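Report on one structure; see the data block that follows.
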Amino acid sequence: MDDLLADFIAETREMLEASGGELVAWEADPTDRARLDTIFRFVHTVKGNCGFFDFPRLASLSHAAEDALADCRAGRRDPDQQLVTAVLAIIDRIAAMIDAIEANEPIDEGDDESLIAMLDVSHETPQTGGLEGACEGSNPPLHAPAAALLGSNDEPNAPQRRADPAAAQRTIRLPVELLDRVMSGVSDMVLARNDLAHRLRQAGNQPTIDGPFERLTTILTDVRDAITRMRMQRIETLFGALPRLVRDLSTELGKQVMIDLDGGDVELDREMIETIRDPLTHIIRNAIDHGIEGPSARLAASKREIGLLAIAARQSGNTISILISDDGRGLAEERIAAKAVATGLITAAERAAMSRERILNLIFEPGFSTAETVSNVSGRGVGLDVVRQNLEKVGGSIRVTSTPGKGTAFTLHIPLTLSIIAGLTVEVAGHRFAIPQSYVEEIVQASSQALDFTRMGETALVTFRGNRVPCLMLGEVLGLPACPVAAKEPTLVMLRLASGDLFALAVEGIHGHGDLVVKPLAPAVMKSGLYAGSTLLDDGQPVLLLDVANIAAGADLVSDTRTRVLGTLGDSAAEVAKQADRAMLFTDFAGRRSAVRLELVQRIETAPITAIDRSAARPRVVIDGLILPLVGLPDTPLTQNRVRLLRLSDGACELLFAVREVEDAVELTEDLHAVPEDPLAEAITLIAGQPVTLVDAHELFARHGEPPLAADRPRCTLPESEWARTILAPLVTAAGYDIVPASEAGTETLGILFDDVYEVAEALGRPLPQQVIRLRDQPDAPTGCETIYRYDRESLLAALAAASRAALQAKGVAA
Amino acid sequence: MIGQLLVVARIAGRACALSALDVKSVIEIGTVTPIPRAPAWIAGITALRSQALTVIDCRRAIGFGIGLPGSEWPTDHRAIVVAEGGHSYALLVDVIEDITTGASDAGQVPGGFGPEWSRIATGMIETMAGPALLVDLAALLAGPDTAHREIEVLV
């Protein structure tokens with residue numbers, strides 16, 4: 001019985017949510033039989049179920065509503081606003097009763113009779129003031145169908161662009177706990193797979209196992225995607241309640257508002273939907289209360305008397321944006337500015353320098369509310385500052401734009417899910433920590449001298465792009481022992497807080513970055529205020545996620561207002577306008593200040609001295625498992641343990657430029673003076689009043705760049721012998737050949753054969769390669785024989801080169 | 001409590017019992033990643049498959065071992081995994097002794113168990129393997145500082 005009751009409550013509640021929107025939609029277009037049928041089905045089902053459970057009051061309410069709706073369906077009665085209001089009131093009463101039943105409380109005594117009586121008020125005899133909530137004094141006849149008002153709408157019968165409820169997917173109800181269990185099961189499987197992959201790699205290639213393993217990997221990825229989507233919900237579930245909200249608010253405020261919903265099929269994490277429910281409601285309340293004018297004011301401004309509130313959801317990558325726009329009077333810039341000055345948020349001088357957009361966004365500041373009269377609907381103390389705070393808590397943001405007299409638009413950006421974030425893993429004193437990528441503005445590696453690292457009292461400051469920025473030592477924040485070597489050359493992670501404040505976090509190294517699955521931490525650990533969660537790295541090692549906002553707040557790095565970020569926003573706009581060439585400024589090992597164009601720089605690498613090989617004429621360095629040419633090293637042996645390298649690329653080949661110190665990215669604003677006497681210098685220019693040599697990339701790559709390996713190398717078969725595999729093969733490969741087994745040889749493949757084998761094959765009439773190099777064992781050649789002694793390196797290389805030229809020519813002819 | 005399964009472990013040299021219903025598993029403890037600036041009784045986090053467990057040093061969580069050399073009691077290489085308030089914990093104890101059934105309800109003894117033990121113990125329970133203190137998991141996981149705070153409030 002209890003189970004049945006729980007099912008009844010759950011089912012009724014779901015139908016309640018759906019029918020609120022349906023009802024308003026039906027009011028807007030009474031000819032829409034489909035919606036009338038949906039509502040009718042709802043009250044009918046409730047009636048049937050409560051008869052079964054012996055809830056006589058529920059039964060009588062739903063019965064009355066069903067009767068009235070049945071009249072409408074049969075055409076005996078036209079739906080008007082009073083009828084809709086009355087049916088909504090009954091549905092509200094049913095909802096309240098359902099809540100009481102679920103909580104096992106007695107159902108409050110309510111005046112069901114008057115609700116039922118309202119249904120019988122015929123639309124031909126309107127009773128003024130008979131209804132609570134209806135517009136007083138006026139009972140406007142049902143307005144023209146919304147479709148007619150929309151005019152250009154391409155879906156004339158659907159003023160709300162919602163998915164047709166009849167086409168809803170088949171669903172089952174599952175406890176979220178079960179979903180979470182399945183999810184963590186799949187996560188375990190992924191870890192087990194990673195472990196297995198690691199062991200398989202160690203065991204070497206095993207074709208019989210690798211195939212099925214690949215398949216397992218693919219399936220697992222699919223399952224993981226599907227599971228992630230199980231936590232997702234269409235934003236429609238949130239949108240479903242909005243038509244009703246808008247209708248109730250506009251009735252209460254004596255305004256006429258139509259809602260247009262778009263993008264209900266966008267999916268996001270269930271928990272995220274709950275997080276944005278209140279902010280969204282708040283913005284809608286504001287829009288109807290303050291934004292949209294009353295009907296007469298709208299007509300006077302030559303707008304349609306019905307206001308339009310449009311809500312659209314869009315997904316782009318890992319972010320969902322929700323745009324809430326109204327066609328109301330827009331935000332009053334002057335009043336906002338005056339209020340901000342009055343409350344001391346900004347000074348009059350600052351106000352004069354601020355753009356309209358910056359002033360408008362002041363409405364999100366704490367304690368800001370322009371409503372002169374606090375109405376019942378909005379302005380109850382919780383303002384837009386709380387909305388912004390709640391959104392920022394989950395890594396979202398909000399902005400507002402507005403045109404006077406035309407309307408206002410709020411844009412919300414929220415991450416797709418709470419639990420998977422992009423993160424950076426950093427290392428300090430042997431510990432690893434993760435930082436959410438969204439905070440990371442830039443990573444800077446430089447000596448403390450270049451950063452102008454100073455201590456002001458207990459606070460450390462660095463200079464970054466000409467600004468002094470506070471710097472926190474992660475090791476100190478966490479109370480870990482400092483490493484003296486790393487302290488001299490720290491890696492700085494520049495973090496931009498949601499409030500716009502920038503600060504540097506000094507760490508000892510960057511370990512990696514990627515998507516992190518964040519799990520909550522035990523409350524006792526959360527109390528420390530330094531961590532936001534934990535995550536597992538690929539190798540299964542647990543890592544703590546730093547709570548950047550809290551760490552910054554703990555160090556008093558968060559400013560009270562956003563004037564600073566607003567200021568920098570303006571600066572960046574001005575920068576874009578200039579568009580100067582940019583270069584990376586550095587000091588080379590000769591002590592010369594030089595620069596290289598920023599487009600060439602792929603990355604700044606730090607290589608240990610052991611990765612550098614200087615045995616050949618040209619030095620080489622091993623980076624990421626590749627051997628790359630290295631220039632810029634001094635002639636004397638290196639004294640330090642690590643070398644900073646600029647990784648340059650011309651698009652095809654890469655080389656590394658060793659530098660003593662990387663300074664910063666700068667703009668080339670001054671004139672470039674050519675330096676014909678130094679071939680490696682493109683020009684000399686002034687940067688901050690100092691002469692700087694600009695490296696000539698063309699000359700650099702011409703001299704030191706290694707041509708990329710040809711994509712289509714000539715192929716060659718070798719004799720079957722240990723000597724050929726170990727001694728001959730490297731020589732042939734170095735000459736630019738790919739060695740293939742005899743079974744894959746084609747007509748153009750060069751064959752290298754020992755002369756005795758060749759002669760036997762020729763004598764037996766076996767097929768021989770068209771191109772062939774014959775090797776002999778004796779240094780002295782018998783006359784008239786086209787063979788090469790197998791240790792005659794020069795002749796061998798010449799023959800290989802000739803054969804490859806011939807192959808190229810043949811290809812050219814064929815082409 | 002009579003007839004209920006209990007996991008008996010030794011914490012700070014004393015026999016303690018945990019209800020087997022609270023215990024999810026017993027694991028070999030692997031690498032523990034320390035948490036800087038966390039209370040001393042939290043040894044760190046460790047990974048159990050895809051889950052991160054908070055590792056609790058039970059002796060310190062009760063209030064012992066502060067200012068004393070930690071090597072006074074040995075530590076079992078296994079840990080007891082429990083779940084409380086939606087989070088999973090691994091409990092480090094001296095030694096995990098037995099799984100047994102309770103033979104009495106939890107009761108008090110005259111004179112109490114001492115302030116540290118009284119905070120985390122529901123009472124004394126007779127088991128098939130002898131008497132043990134029945135541990136109140138929530139109180140244990142709240143850490144030693146909570147008791148002091150409560151006393152301050154009372155004063």
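Please label the shape of the stretch A:715-814 as rounded, prolate or oblate, based on the square roots a ≥ b ≥ c of the eigenvalues of the alpha-carbon gyration tensor (a/c under 1.5 means rounded; beyond that, a/b larger than b/c means prolate, else oblate).
Working: a/c = 1.36, a/b = 1.21, b/c = 1.13.
Because its axes are fairly even, with a/c under 1.5, the stretch A:715-814 counts as rounded.
Using a ≥ b ≥ c from the Cα gyration tensor of the stretch B:5-154 (square roots of the eigenvalues), is it rounded, prolate or oblate, where a/c under 1.5 gives rounded and otherwise the larger of a/b and b/c decides, a/b for prolate?
Values: a/c = 1.60, a/b = 1.15, b/c = 1.39.
Taking the square roots of the gyration eigenvalues as a ≥ b ≥ c, the stretch B:5-154 is oblate.
I'd like to compare A:642-654, B:49-61: which one has the highest average count of other Cβ atoms within 10 Å, and what's the full order after that? Mind showing how you got there, number by number?
Working: A:642-654: 18.1, B:49-61: 22.7.
Per-residue Cβ counts within 10 Å, averaged per peptide and sorted highest first, yield B:49-61, A:642-654.
Which whole number gives the average, over all residues in B:25-36, of C-beta atoms from other chains lying within 10 Å of the residue C-beta?
Taking all residues of B:25-36 together, the mean is 4.
Taking K and R as +1 and D and E as -1, what net charge do the other residues with C-beta under 10 Å from the C-beta of residue A:255 add up to?
Details: positive: A:298; negative: A:252, A:289, A:293, A:305.
So the surrounding residues net to -3.
In whole Å, what are the Cα extents of the stretch A:180-230 along the three principal axes, biggest one first?
Reported extents, whole Å, longest axis first: 37, 16, 10.
Per residue of the stretch A:296-310, what does 6.51 cos²θ - 1.76 cosθ + 1.60 with θ = phi - 60° give for ³J(HN,Hα)? Whole Hz please, x for Gly and Pro, Karplus curve as stated.
With the stated coefficients, the stretch A:296-310 comes to 5, 4, 5, 5, 5, 8, 6, 10, 5, 6, 8, x, 10, 10, 10 Hz.
How well do other chains shield peptide B:84-97, expressed as the mean number of their Cβ atoms within 10 Å of each residue Cβ?
Numbers: counts 2, 2, 3, 8, 2, 2, 0, 0, 0, 0, 0, 0, 0, 0.
Mean partner shielding for this stretch: 1.
Just to be sure I understand the model, the point goes 7 Å from the Cα along the line to the Cβ. What's the resulting residue A:650 to residue A:178 distance in nm?
Here the modelled spin labels are 6.4 nm apart.
How charged is the neighbourhood of residue B:42? Take every other residue with its Cβ under 14 Å from the Cβ of residue B:42, and add Lys/Arg as +1 and Asp/Glu as -1.
Working: positive: A:527, B:37, B:59, B:60; negative: B:57, B:84, B:145.
So the surrounding residues net to +1.
5 Å is the cut-off here: which amide hydrogens, built 1.01 Å from N in the peptide plane, fall below it relative to residue A:751, excluding neighbours closer than 5 in sequence?
HN-HN under 5 Å from residue A:751: A:717, A:771, A:772, A:773.
About the Cα centre, and with charges only on the beta carbon of Lys, Arg (+1) and Asp, Glu (-1), how big is the dipole of chain B? Nearest 20 debye, please. Don't skip to the end; give the middle numbers.
On the way: 10 positive and 16 negative charges, 71 e Å.
For this selection, approximately 340 debye.
Based on Cα coordinates alone, diagonalise the gyration tensor for the stretch A:220-260, multiply each eigenvalue by 5, take square roots, and list the semi-axes in whole Å, largest first. Mind dumping the intermediate values first?
Numbers: eigenvalues 298, 10, 3 Å².
Rounded to whole Å, the semi-axes are 39, 7, 4.
Can you give me the long-range amide H partners of residue A:582? Hydrogens built in the peptide plane at 1.01 Å from N, cutoff under 5 Å, separation of 5 or more residues or another chain.
Long-range HN contacts for residue A:582: A:598, A:668.
Got the relative contact order for the stretch B:5-154 handy, in percent, Cα pairs under 8 Å and 6 or more residues apart? Walk me through the numbers before you get to the answer.
Numbers: 293 pairs, mean separation 39.8, N = 150.
The value is 27 percent.
In Å, what Kirkwood hydrodynamic radius results for the stretch A:234-415 from the alpha-carbon pair distances?
Evaluated on the stretch A:234-415, it is 16.9 Å.
Sort largest first and round to whole Å: the equivalent ellipsoid semi-axes of the stretch A:580-704, each the square root of five times a Cα gyration tensor eigenvalue. Walk me through the numbers on the way to the answer.
Working: eigenvalues 118, 44, 39 Å².
Working from the Cα gyration tensor, I get semi-axes of 24, 15, 14 Å.
Show me the ranking of peptides A:530-537, A:610-617, A:754-761, A:676-683 by mean Cβ neighbours inside 10 Å, starting with the highest.
Numbers: A:530-537: 22.5, A:610-617: 11.0, A:754-761: 15.6, A:676-683: 13.6.
Sorting A:530-537, A:610-617, A:754-761, A:676-683 by mean packing, highest first, produces A:530-537, A:754-761, A:676-683, A:610-617.
To check my understanding: the extent here is largest minus smallest coordinate of the Cα atoms along each principal axis. What are those three numbers for the stretch A:40-112, in Å, largest first?
The Cα atoms of the stretch A:40-112 stretch 40, 23, 16 Å along their principal axes.
Across peptide A:540-547, what mean number of C-beta atoms from other chains lies inside 10 Å of a residue's C-beta?
On the way: counts 6, 6, 14, 4, 8, 0, 0, 0.
What the average comes to for A:540-547 is 5.
Rounded to the nearest 0.05, what FRET efficiency do residue A:45 and residue B:83 give with R0 = 41 Å and r taken as the Cβ-Cβ distance? Could you check? Please list the in-between numbers first.
On the way: r = 40 Å, r/R0 = 0.96.
With R0 = 41 Å, the Cβ-Cβ based efficiency is 0.55.
With the crude spin-label approximation of a point 7 Å out along Cα→Cβ, what separation in nm comes out for residue A:193 versus residue A:613?
Label at residue A:193, label at residue A:613, 3.7 nm between them.
Please tell me which of these pairs span more than 27 angstrom C-alpha to C-alpha: A:393/B:24; A:47/A:255; A:303/A:393; A:339/A:527; A:255/A:406?
Numbers: A:393/B:24 33 Å; A:47/A:255 34 Å; A:303/A:393 39 Å; A:339/A:527 38 Å; A:255/A:406 17 Å.
Too far apart for the 27 Å limit: A:393/B:24; A:47/A:255; A:303/A:393; A:339/A:527.
Readers should treat all values here as calculations from the given coordinates under stated rules, not as data from a laboratory. Note that the coordinates shown come from a computational prediction; the quantities given were computed from them, not determined experimentally. Quick reminder, even Gly has a Cβ in these numbers, built from the backbone with ideal geometry, and neighbours come from all protein chains shown.
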